[in-house]
Amino acid sequence: MKTKNSNIKKYLKILSQFENLSKVRKFVSDAAKDFGFDDDEINRIALAVDEACTNIIRHAYENKNDKTIEIYLSTSDYSFEVRIIDYGKPFEPKKVKKPDLQHHLEKYNKGGLGMFLMRSLMDKVQYQINKNNCNEVRLIKKLHK
């Protein structure tokens, strides 16, 4: 198990194809394991990152499979951060309403829970549009000892 002084910096670039999400999950899971998370936390982090990338492919890139998604992973002290960059349509998280889970379950709706899941699984989720017209989502998880 790693200590709080372990600093990890990694980078992965993929095309916006759903079949590339397995590479993303492995990339994030391996780093989370190296950082010291247990299997449950690793799975939560990987799911949150998968949801973010899925949203990018579906919404920012409108299912176009030739666009770029960049994933930057870094750690410091007890903080594990995944930054995901895309160059698609801008996203405004304030426009996303909190889902009605009861209605969602009753109607067996598929999709629409990505933001809810990311916020539930991670300690912090931030969105911003950068100067160079790219979208960035930051997913942060603390390692609790």
Practice item. Would you point out the residue of segment 103-145, among those that are within 30 Å of residue 39 (Cβ to Cβ) and over 16 Å from the mean Cα position of the chain (by Cα), that is modelled with the highest pLDDT? Key: 143
Review point. Given the conditions (1) within 13 Å of the chain's Cα centre (by Cα); (2) under 24 Å from residue 130 (Cα atoms), and given that residue 25 satisfies all but one, which numbered condition is not satisfied?
Key: (2)
Exercise for review: Identify, from the list 16, 22, 29, the residue that is surrounded by fewer than 15 Cβ atoms within 10 Å (Cβ to Cβ), of a type in the set (Ser, Thr, Tyr) and either closer than 12 Å to residue 71 by Cβ or out of contact with any Gly (no Cβ under 6 Å at 6 or more places or on another chain) (or both).
Suggested key: 22
Point to revise | Conditions (1) touching a His at 6+ places or on another chain (Cβ under 8 Å); (2) modelled with pLDDT of 95 or more; number of the one not met by residue 89 | key: (2)
Review point. Mind checking which pairs have a first residue in segment 16-45 that is modelled with pLDDT of 95 or more and aromatic (Phe, Trp, Tyr) and a second that is surrounded by fewer than 19 Cβ atoms within 10 Å (Cβ to Cβ) and assigned to a helix (DSSP H, G or I), Cβ under 8 Å, 6 or more apart or different chains?
Key: 18/54
Exercise for review: Starting from residues that are more than 14 Å from residue 19 (Cα to Cα), touching a helix residue (DSSP H, G or I) at 6+ places or on another chain (Cβ under 7 Å) and not hydroxyl-bearing (Ser, Thr, Tyr), keep the ones in segment 56-77 and report whichever is surrounded by the most Cβ atoms within 10 Å (Cβ to Cβ).
Suggested key: 73
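The values are calculated or read from the model by the stated rules, or taken from the named source; none is laboratory data. Note that the structure is a prediction, hence the values are computed from the model and not measured. Neighbour counts are summed over all protein chains in view; Cβ atoms, including those assigned to glycine, are modelled from backbone coordinates with ideal geometry.
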